[in-house]
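The values are calculated or read from the model by the stated rules, or taken from the named source; none is laboratory data. Bear in mind that the values here come from a model prediction, so they are computed numbers and not experimental data. Note that we place each Cβ from the backbone using ideal geometry, even for glycine, and neighbour counts take in every protein chain shown. Ligands, DNA and RNA are stripped out before the accessible areas are found, and what is left, the full protein with its side chains, is counted by its heavy atoms. Shrake-Rupley method; radii C 1.70, N 1.55, O 1.52, S 1.80 Å.
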Amino acid sequence: MFERVKRLNYKTVKNNLVVAVFDKENSLEQLDQALDGYVVKAQKKGLISTKVGNVTEIHGLNLLRAEKILFVGMGKTNDVTRDSLRKAFASLAKKIDKNDIIVMDTFKNKSLDLSLVAEVMAETIVINKYKFNQLKSKDNEQKEYYFKYNATNILDDSFNRGRILGTSTNSARTLVNLPHNYMDAVKLADYAVE
């Protein structure tokens, strides 16, 4: 579901990019240089929101091969918590597309470990992409979403742990959504054994 991209060149990558933007402290120098200083200017003008839960979409401005860049507002670096991460990533889940590259190093923070950020991100995206389609005649399979990430450290275990937590939550949601004639006590016991 989450695949690591080892090298990332902002100028040549074709995939859309996902980056974090904090209030005042950011690690977006390389991206800003690739966009000829646009990121800093846009942030000063208020075009890129740092408010938690806001996702600002900026198109490549013909300076990058990436079609768009999603700036995930993270708030102040000292105020980041699990709950604020969930709020930010729930908003991201609505806009992120298959094969977008999440630039994890931009999410580095003094108060939270990057592996925790990866875990919460995966869990939140899986939960927010959930749709109950099981009783529909068409399209009753849950889609698997594939995303790519770039980071100096390997975060596969953290992403996988978050994916498992999100999938478990979605399984419980499916059980709750099934009517009695589809999920009685015997079927529930069989489901639990599986």
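Data for the structure
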{"read-out": "Identity of the residue in the range 138-171, open to solvent by less than 50 Å² (accessible area, probe 1.4 Å) and farther than 19 Å from Lys98 by Cα, that ends up modelled with the lowest pLDDT", "value": "Ser171"}
{"read-out": "Ser115 being assigned to a helix (DSSP H, G or I) and among the small types (Gly, Ala, Ser)", "value": "yes"}
{"read-out": "Any hit, the range 11-33, residues being under 15 Å from Lys108 (Cβ atoms), open to solvent by less than 10 Å² (accessible area, probe 1.4 Å) and touching an Asp or Glu at 6+ places or on another chain (Cβ under 7 Å)", "value": "yes"}
{"read-out": "Among (1) without any contact (Cβ under 8 Å) to a residue 40 or more places away in the chain; (2) of a type in the set (Phe, Trp, Tyr); (3) closer than 30 Å to Glu25 by Cα, the one test that Phe159 misses", "value": "(1)"}
{"read-out": "Residue match in the range 66-81 (condition: open to solvent by 40 Å² or more (accessible area, probe 1.4 Å), out of contact with any Lys or Arg (no Cβ under 9 Å at 6 or more places or on another chain), modelled with pLDDT of 85 or more and assigned to a loop (DSSP other than H, G, I, E, B))", "value": "yes"}
{"read-out": "Tally, over the range 34-63, of residues that are of a type in the set (A, V, I, L, M), open to solvent by less than 20 Å² (accessible area, probe 1.4 Å) and either part of a loop (DSSP other than H, G, I, E, B) or touching a Cys at 6+ places or on another chain (Cβ under 8 Å) (or both)", "value": "2"}
{"read-out": "Inter-residue pairs, beta-carbon under 8 Å, first of a type in the set (Lys, Arg) and in the range 1-17, second surrounded by 15 or more Cβ atoms within 10 Å (Cβ to Cβ) and part of a loop (DSSP other than H, G, I, E, B), 6+ apart", "value": "Arg4/Ala151; Arg4/Leu155; Lys11/Leu64; Lys14/Ala66"}
{"read-out": "Hits in the range 93-110 (condition: open to solvent by less than 60 Å² (accessible area, probe 1.4 Å) and either free of Cβ contacts under 8 Å to residues at least 24 places away in the same chain or in contact with a Ser or Thr (Cβ under 8 Å, 6 or more places away or on another chain) (or both))", "value": "Ala93, Asp105, Thr106, Asn109"}
{"read-out": "Residue among Thr50, Thr77 that alone is more than 25 Å from Tyr130 (Cβ to Cβ) and in contact with a helix residue (DSSP H, G or I) (Cβ under 9 Å, 6 or more places away or on another chain)", "value": "Thr50"}
{"read-out": "Residue match in the range 59-66 (condition: within 18 Å of the chain's Cα centre (by Cα) and not polar (S, T, N, Q))", "value": "yes"}
